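Participant: I have a structure I would like to understand better, so I am pasting it below and will then ask my questions one at a time.
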Amino acid sequence: VVLVGTGDQGLFNGKLTGYGPDCPGCSLVGNVSCKTKQGTNHSLINDGITYIDDEFGEVRILAAATTAFPCGTVINVDNGILEPLNAVVLDTGYDMRKAWNNGSVWFDLAFESQASVTNVSNKTSSFSVQRWGW
């Protein structure tokens, strides 16, 4: 028995970047691509960059290749710059899907706006899956 988030299958190294709802190519209305556990839409503009998870409490929102990391997956993110944090996959992006298809891991952390994105990507980040999907 392997606990969720432990063992080789739940540990990844890769790239972490940041995005705001006003990023180039984003919808500008702030809606993320995944439904919440309750089946509702979540807007980064109206609802914020965090989500209240039944199991993990308040977590940041993360975009990922949802074919590899299904909606609702909770990941502990440690990039050596920000304090380690838990984030939930509620969004996706072309670059994340392309990276996964090419054998790389890339996550995008939600920020209030593109201008508020801090330097999150100066080195390889560590990702530990705490829960797979809802």
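Participant: Helix-only estimate, please: 222 nm mean residue ellipticity of the chain, summing -39500 (n - 2.57) across DSSP H runs of length 4 or more and dividing by its residues, to the nearest 500.
Facilitator: Dividing the helical sum by the residues of the chain leaves -1500 deg cm²/dmol.
Participant: Express as a percent, rounded to the nearest 5, the fraction of DSSP beta bridges in the chain (both residues included) that run antiparallel.
Facilitator: If we restrict to bridges inside the chain, about 70 percent are antiparallel.
Participant: Of Phe56, Phe12, Thr36, which is farthest on the positive side of the dipole of the chain, counting Cα position, with +1 on Lys and Arg Cβ, -1 on Asp and Glu Cβ, and the Cα centre as origin?
Facilitator: Ranked along the dipole, the leading option is Phe12.
Participant: On to the next question. Restricting to the range 53-128, compute how many DSSP beta bridges are antiparallel as a %, nearest 5.
Facilitator: Antiparallel bridges: around 70 percent, rounded to the nearest 5.
Participant: When you take every Cα atom in the chain, what is the radius of gyration, and what is Dmax, the widest Cα pair distance, in Å?
Facilitator: 13.7, 44
Readers should treat all values here as calculations from the given coordinates under stated rules, not as data from a laboratory. Just so you know, these numbers come straight off a predicted model, no measurement behind them. Methodologically, a virtual Cβ is constructed for each residue, glycine included, from the backbone with ideal geometry; neighbour enumeration extends over all protein chains shown.
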